[in-house]
Amino acid sequence: MNKATIHGRIPTQEIDFDPNFHCRPNPIVTFASLWAQNTLWSPQFGDRHSLLLLRRQMPKKVSFQRAYTGWRASGAKEINELGEGRAFLRWLQKYELSVDWKKRDFNPHPYFSQNNCPTHSPNDEMAKGLSFAVRPVNVAGRNVKLYVQDEDMLSLLNMPYGQEEDFLELVMQYVAQRFEWETWRAPAPPFLDWVVSHGKRPVFMQGQLGFSILTVSC
(Lines give C-alpha, C1' and ligand atoms only; values in the text may rest on other atoms or scores of the structure.)
Protein backbone atom coordinates (compact mmCIF):
# COMPACT_ATOMS: atom_id res chain seq x y z
CA MET A 1 0.00 0.00 0.00
CA ASN A 2 1.26 3.47 -0.87
CA LYS A 3 1.94 5.80 2.01
CA ALA A 4 -0.47 8.67 2.39
CA THR A 5 0.62 12.12 1.39
CA ILE A 6 0.98 14.65 4.21
CA HIS A 7 0.38 18.21 3.12
CA GLY A 8 2.27 21.11 4.61
CA ARG A 9 5.51 22.98 4.32
CA ILE A 10 8.34 24.42 6.35
CA PRO A 11 9.73 27.88 5.49
CA THR A 12 12.92 28.14 3.50
CA GLN A 13 16.18 28.13 5.41
CA GLU A 14 17.67 31.47 6.42
CA ILE A 15 21.11 32.27 4.96
CA ASP A 16 23.65 34.14 7.06
CA PHE A 17 24.45 37.35 5.18
CA ASP A 18 26.17 40.64 6.06
CA PRO A 19 25.49 43.36 3.47
CA ASN A 20 28.58 45.32 4.57
CA PHE A 21 31.00 42.77 3.15
CA HIS A 22 31.78 41.23 -0.21
CA CYS A 23 29.90 38.01 -0.83
CA ARG A 24 29.18 35.40 -3.46
CA PRO A 25 25.39 34.88 -3.36
CA ASN A 26 25.03 31.08 -3.50
CA PRO A 27 22.66 29.41 -3.90
CA ILE A 28 20.72 32.08 -5.73
CA VAL A 29 17.42 30.71 -4.44
CA THR A 30 16.25 28.21 -1.80
CA PHE A 31 12.90 26.42 -1.74
CA ALA A 32 10.48 25.67 1.07
CA SER A 33 10.57 22.16 2.51
CA LEU A 34 7.51 20.02 1.81
CA TRP A 35 5.90 16.95 3.36
CA ALA A 36 5.16 14.16 0.88
CA GLN A 37 4.83 10.41 1.34
CA ASN A 38 5.32 10.78 5.11
CA THR A 39 8.73 12.35 4.48
CA LEU A 40 9.95 15.92 4.79
CA TRP A 41 11.75 16.89 1.59
CA SER A 42 14.04 19.90 1.19
CA PRO A 43 14.25 20.47 -2.57
CA GLN A 44 17.77 20.95 -3.93
CA PHE A 45 17.28 21.84 -7.59
CA GLY A 46 20.62 23.54 -8.30
CA ASP A 47 20.92 27.08 -9.65
CA ARG A 48 20.48 26.26 -13.34
CA HIS A 49 17.36 24.15 -12.95
CA SER A 50 15.96 26.51 -10.31
CA LEU A 51 15.93 29.25 -12.95
CA LEU A 52 14.40 26.95 -15.55
CA LEU A 53 11.67 25.89 -13.13
CA LEU A 54 10.90 29.46 -12.05
CA ARG A 55 10.80 30.74 -15.62
CA ARG A 56 8.74 27.87 -17.04
CA GLN A 57 5.33 29.03 -18.24
CA MET A 58 2.59 26.69 -19.48
CA PRO A 59 -1.18 27.12 -19.89
CA LYS A 60 -1.80 24.59 -17.10
CA LYS A 61 -0.33 25.58 -13.74
CA VAL A 62 -0.46 23.81 -10.39
CA SER A 63 0.78 24.77 -6.94
CA PHE A 64 4.31 23.90 -5.90
CA GLN A 65 2.85 21.65 -3.21
CA ARG A 66 0.75 19.71 -5.71
CA ALA A 67 3.48 19.48 -8.33
CA TYR A 68 6.23 18.35 -5.99
CA THR A 69 4.12 15.86 -4.02
CA GLY A 70 2.73 14.48 -7.29
CA TRP A 71 6.23 13.98 -8.63
CA ARG A 72 7.36 12.26 -5.44
CA ALA A 73 4.24 10.06 -5.44
CA SER A 74 5.06 9.01 -9.01
CA GLY A 75 8.39 7.63 -7.81
CA ALA A 76 10.60 10.63 -8.63
CA LYS A 77 12.08 8.63 -11.48
CA GLU A 78 15.49 9.50 -12.91
CA ILE A 79 16.52 11.51 -9.83
CA ASN A 80 19.67 9.44 -9.32
CA GLU A 81 20.61 9.75 -12.98
CA LEU A 82 19.64 13.36 -13.66
CA GLY A 83 19.60 15.07 -10.27
CA GLU A 84 16.55 16.45 -8.50
CA GLY A 85 16.10 19.66 -10.49
CA ARG A 86 16.34 18.13 -13.94
CA ALA A 87 14.22 15.10 -12.98
CA PHE A 88 11.45 17.31 -11.55
CA LEU A 89 11.56 19.55 -14.64
CA ARG A 90 11.29 16.53 -16.94
CA TRP A 91 8.20 15.33 -15.02
CA LEU A 92 6.58 18.76 -15.48
CA GLN A 93 7.41 18.64 -19.19
CA LYS A 94 5.88 15.18 -19.52
CA TYR A 95 2.55 16.41 -18.16
CA GLU A 96 2.82 19.86 -19.80
CA LEU A 97 2.70 21.63 -16.45
CA SER A 98 4.31 24.64 -14.85
CA VAL A 99 4.29 25.75 -11.23
CA ASP A 100 2.07 28.57 -10.01
CA TRP A 101 4.74 30.03 -7.75
CA LYS A 102 3.85 31.89 -4.55
CA LYS A 103 6.15 34.01 -2.41
CA ARG A 104 6.11 31.38 0.34
CA ASP A 105 7.50 28.73 -2.04
CA PHE A 106 11.02 30.10 -2.40
CA ASN A 107 13.45 32.78 -1.25
CA PRO A 108 16.12 34.46 -3.36
CA HIS A 109 19.48 34.81 -1.62
CA PRO A 110 19.20 37.78 0.80
CA TYR A 111 21.81 39.62 -1.28
CA PHE A 112 19.06 40.12 -3.87
CA SER A 113 16.55 41.46 -1.34
CA GLN A 114 18.36 44.74 -0.71
CA ASN A 115 16.56 47.94 -1.66
CA ASN A 116 19.38 49.20 -3.88
CA CYS A 117 19.56 46.17 -6.18
CA PRO A 118 19.47 47.13 -9.87
CA THR A 119 16.52 46.08 -12.00
CA HIS A 120 15.70 45.78 -15.67
CA SER A 121 13.27 48.25 -17.17
CA PRO A 122 10.12 46.51 -18.50
CA ASN A 123 10.71 48.37 -21.79
CA ASP A 124 14.33 47.26 -22.12
CA GLU A 125 14.38 45.01 -25.19
CA MET A 126 17.98 43.96 -24.49
CA ALA A 127 16.97 42.57 -21.09
CA LYS A 128 14.28 40.18 -22.29
CA GLY A 129 14.87 36.68 -20.95
CA LEU A 130 17.59 37.82 -18.54
CA SER A 131 17.20 37.07 -14.83
CA PHE A 132 20.10 39.24 -13.61
CA ALA A 133 20.58 43.00 -13.84
CA VAL A 134 24.04 44.59 -13.54
CA ARG A 135 24.36 48.10 -12.13
CA PRO A 136 25.40 50.50 -14.94
CA VAL A 137 28.97 51.80 -14.84
CA ASN A 138 30.56 55.02 -16.04
CA VAL A 139 33.72 54.51 -18.08
CA ALA A 140 35.49 57.34 -19.94
CA GLY A 141 32.47 59.56 -19.41
CA ARG A 142 30.04 57.05 -20.89
CA ASN A 143 27.27 55.29 -18.97
CA VAL A 144 27.22 51.62 -19.93
CA LYS A 145 24.87 48.82 -18.93
CA LEU A 146 26.30 45.32 -19.29
CA TYR A 147 23.94 42.49 -20.19
CA VAL A 148 24.96 38.97 -19.14
CA GLN A 149 23.17 35.78 -20.16
CA ASP A 150 21.82 33.64 -17.31
CA GLU A 151 24.15 30.72 -18.00
CA ASP A 152 27.18 33.02 -17.93
CA MET A 153 26.06 34.72 -14.73
CA LEU A 154 25.55 31.38 -13.03
CA SER A 155 29.11 30.47 -13.99
CA LEU A 156 30.38 33.76 -12.55
CA LEU A 157 28.48 33.21 -9.31
CA ASN A 158 29.79 29.68 -8.95
CA MET A 159 33.40 30.04 -10.09
CA PRO A 160 35.42 27.63 -7.90
CA TYR A 161 38.75 29.43 -8.13
CA GLY A 162 40.54 32.59 -9.25
CA GLN A 163 41.87 35.81 -7.75
CA GLU A 164 38.93 37.49 -6.04
CA GLU A 165 38.11 40.96 -7.31
CA ASP A 166 35.18 43.33 -6.95
CA PHE A 167 32.55 42.55 -9.56
CA LEU A 168 31.96 46.13 -10.74
CA GLU A 169 35.70 46.75 -10.97
CA LEU A 170 35.87 43.82 -13.37
CA VAL A 171 32.89 45.18 -15.31
CA MET A 172 34.56 48.58 -15.69
CA GLN A 173 37.86 47.02 -16.81
CA TYR A 174 36.01 44.91 -19.36
CA VAL A 175 34.01 47.86 -20.69
CA ALA A 176 37.19 49.95 -21.04
CA GLN A 177 38.76 47.09 -23.00
CA ARG A 178 35.68 46.87 -25.21
CA PHE A 179 36.08 50.54 -26.11
CA GLU A 180 39.57 49.71 -27.35
CA TRP A 181 38.32 46.70 -29.28
CA GLU A 182 35.71 48.92 -30.92
CA THR A 183 38.38 51.34 -32.15
CA TRP A 184 40.32 48.37 -33.55
CA ARG A 185 37.14 46.88 -35.00
CA ALA A 186 38.11 43.68 -33.22
CA PRO A 187 35.58 41.10 -31.94
CA ALA A 188 34.97 41.24 -28.20
CA PRO A 189 34.84 38.03 -26.12
CA PRO A 190 31.89 37.56 -23.75
CA PHE A 191 32.37 38.95 -20.24
CA LEU A 192 32.61 35.45 -18.74
CA ASP A 193 35.38 34.40 -21.11
CA TRP A 194 37.29 37.60 -20.39
CA VAL A 195 37.04 37.06 -16.61
CA VAL A 196 38.21 33.45 -16.90
CA SER A 197 41.12 34.38 -19.18
CA HIS A 198 42.33 36.87 -16.56
CA GLY A 199 42.13 34.33 -13.75
CA LYS A 200 39.60 36.37 -11.78
CA ARG A 201 36.78 35.34 -9.44
CA PRO A 202 34.17 38.07 -8.86
CA VAL A 203 32.84 38.96 -5.42
CA PHE A 204 29.84 41.22 -4.96
CA MET A 205 29.05 44.25 -2.84
CA GLN A 206 25.49 45.37 -2.19
CA GLY A 207 23.68 47.05 -5.06
CA GLN A 208 25.88 45.62 -7.81
CA LEU A 209 23.65 42.78 -9.04
CA GLY A 210 19.89 42.31 -9.11
CA PHE A 211 17.74 39.23 -9.57
CA SER A 212 14.17 39.24 -10.83
CA ILE A 213 12.71 36.01 -12.12
CA LEU A 214 8.96 36.58 -12.30
CA THR A 215 5.94 38.12 -10.63
CA VAL A 216 4.53 35.84 -7.97
CA SER A 217 1.37 35.88 -5.94
CA CYS A 218 1.23 36.44 -2.21
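The values are calculated or read from the model by the stated rules, or taken from the named source; none is laboratory data. Just so it is clear, the model here is predicted, and its values are computed rather than measured. Because the Cβ atoms are built from the backbone with ideal geometry, glycine has one as well, and the counts that use them run over all protein chains shown. Only protein heavy atoms, including side chains, enter the accessible area calculation; ligands, DNA and RNA are left aside. Shrake-Rupley method; radii C 1.70, N 1.55, O 1.52, S 1.80 Å.
Once region 118-146 is narrowed to residues that are under 20 Å from Pro19 (Cβ atoms) and out of contact with any helix residue (DSSP H, G or I) (no Cβ under 8 Å at 6 or more places or on another chain), the residue that is most open to solvent (accessible area, probe 1.4 Å) is Thr119.
Ala87 meets all of the listed conditions (1) touching a Leu at 6+ places or on another chain (Cβ under 9 Å); (2) part of a helix (DSSP H, G or I); (3) crowded, with 17+ Cβ neighbours inside 10 Å but one, namely (1). Against the conditions (1) of a type in the set (Ser, Thr, Tyr); (2) within 15 Å of Pro43 (Cβ to Cβ); (3) touching a Lys or Arg at 6+ places or on another chain (Cβ under 8 Å), Ser98 satisfies every one except (2). Inside region 89-141, residues that are in contact (Cβ under 8 Å) with a residue 40 or more places away in the chain and touching a Ser or Thr at 6+ places or on another chain (Cβ under 9 Å) make up a count of 18. Would a scan of region 39-47 turn up a residue that is at pLDDT 95 or above, within 17 Å of Phe211 (Cβ to Cβ) and not hydrophobic (A, V, I, L, M, F, W, C)? Scanning region 39-47, I find at least one residue that is at pLDDT 95 or above, within 17 Å of Phe211 (Cβ to Cβ) and not hydrophobic (A, V, I, L, M, F, W, C), so the answer is yes.
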